[in-house]
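Colleague: Have a look at this one before I ask anything.
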Amino acid sequence: MALNTFKRAQLYFWDFIIRALSESRFLRYMIPRAYSITHNKNVVNMCIAILITSTGGFLSGFLLKLVISLYR
């Protein structure tokens, strides 16, 4: 039963994707460019560095708020 539901959901998903790709000029234009960007090693390394930095900033702000709220 769950397998049938999964297969049906997968079929609907791919039906939607195929229809979107065949009807949308914007998607057909953007997908090759996004693919080339994601396979550029320098861009991937920059995205990883930004992700690590932003996560560190978020966690330090969260911990600072927690420490301030504990001492009030």
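Colleague: Quick check for me: using +1 on Lys/Arg Cβ and -1 on Asp/Glu Cβ, what's the dipole size of the chain about its Cα centre, in debye to the nearest 20? Could you put the intermediate results ahead of the total?
Modeller: Values: 9 positive and 2 negative charges, 9 e Å.
Taking the Cα centre of the chain as origin, the dipole is about 40 debye.
Colleague: Here is a follow-up. At 222 nm, what value in deg cm²/dmol follows for the chain if DSSP H runs of at least 4 each add -39500 (n - 2.57) and the sum is divided by all its residues, to the nearest 500? Mind dumping the intermediate values first?
Modeller: Details: 3 runs with 66 residues, N = 72.
Estimated from H runs of four or more residues: -32000 deg cm²/dmol.
None of the figures in this text is laboratory data; all of them are computed from the coordinates on show. Only a predicted model underlies this, so the values are computations on that prediction, with no experimental measurement involved. When we count neighbours, we look across all protein chains shown, and the Cβ atoms used for this are built from the backbone with ideal geometry, even at glycine.
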